[in-house]
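To start, the structure itself, in structure tokens.
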Amino acid sequence: MIKKTYPQEYLQKLELMGSLLREYRLANGYTQKELAEQLNIHRNTLSSAERGGNLTMLNLIEITETLSIDLHEVFHAGENSNCDL
């Protein structure tokens with residue numbers, strides 16, 4: 001099996017999305033542990049997502065719903081430098 005590689009821009013996009021999730025988590029007053037417990041996911045899963053790691057779509061939807069983030073904003077992270085929380 002050949003390991004799939006992704007363009008650097010995809011990885012940068014994941015990092016931007018993760019940074020946005022982290023900003024919203026902090027703005028909502030959650031620690032990683034508190035938010036992970038509320039979402040019933042492992043803290044390491046949340047930590048990985050905030051660093052641009054792999055995240056399932058279901059987890060992403062659940063996180064954005066909990067933090068009241070528009071999915072459109074997450075997918076377009078970094079495209080608008082005037083991102084207000």
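This table checks each residue for (1) assigned to a helix (DSSP H, G or I); (2) without any contact (Cβ under 8 Å) to a residue 60 or more places away in the chain; (3) in contact with a Cys (Cβ under 7 Å, 6 or more places away or on another chain); (4) among the acidic types (Asp, Glu).
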| position | (1), (2), (3), (4) |
| --- | --- |
| Gly18 | yes, yes, no, no |
| Arg22 | yes, yes, no, no |
| Tyr30 | no, yes, no, no |
| Thr45 | yes, yes, no, no |
| Leu58 | yes, yes, no, no |
| Glu62 | yes, yes, no, yes |
| Ile69 | no, yes, no, no |
| Ala77 | no, no, no, no |
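Hey, Leu26 hits all of (1) part of a helix (DSSP H, G or I); (2) modelled with pLDDT under 95 but one; which does it fall short on?
(2)
Matching residues to (1) surrounded by fewer than 17 Cβ atoms within 10 Å (Cβ to Cβ); (2) not charged (D, E, K, R):
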| site | (1), (2) |
| --- | --- |
| Lys4 | yes, no |
| Pro7 | yes, yes |
| Leu11 | yes, yes |
| Arg22 | yes, no |
| Leu35 | no, yes |
| Ser48 | yes, yes |
| Leu55 | no, yes |
| Glu62 | yes, no |
| Asp70 | yes, no |
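Could you list all residues from the range 1-16 that are among the hydroxyl-bearing types (Ser, Thr, Tyr) and assigned to a helix (DSSP H, G or I)?
Within the range 1-16, just Tyr10 meets the criteria.
Taking Lys33 as meeting all but one of (1) modelled with pLDDT of 95 or more; (2) within 19 Å of Ile69 (Cβ to Cβ), write down the number of the exception.
(2)
The values are calculated or read from the model by the stated rules, or taken from the named source; none is laboratory data. The shown structure was predicted, so the numbers you read here are calculated from the model rather than taken from an experiment. Quick reminder, even Gly has a Cβ in these numbers, built from the backbone with ideal geometry, and neighbours come from all protein chains shown.
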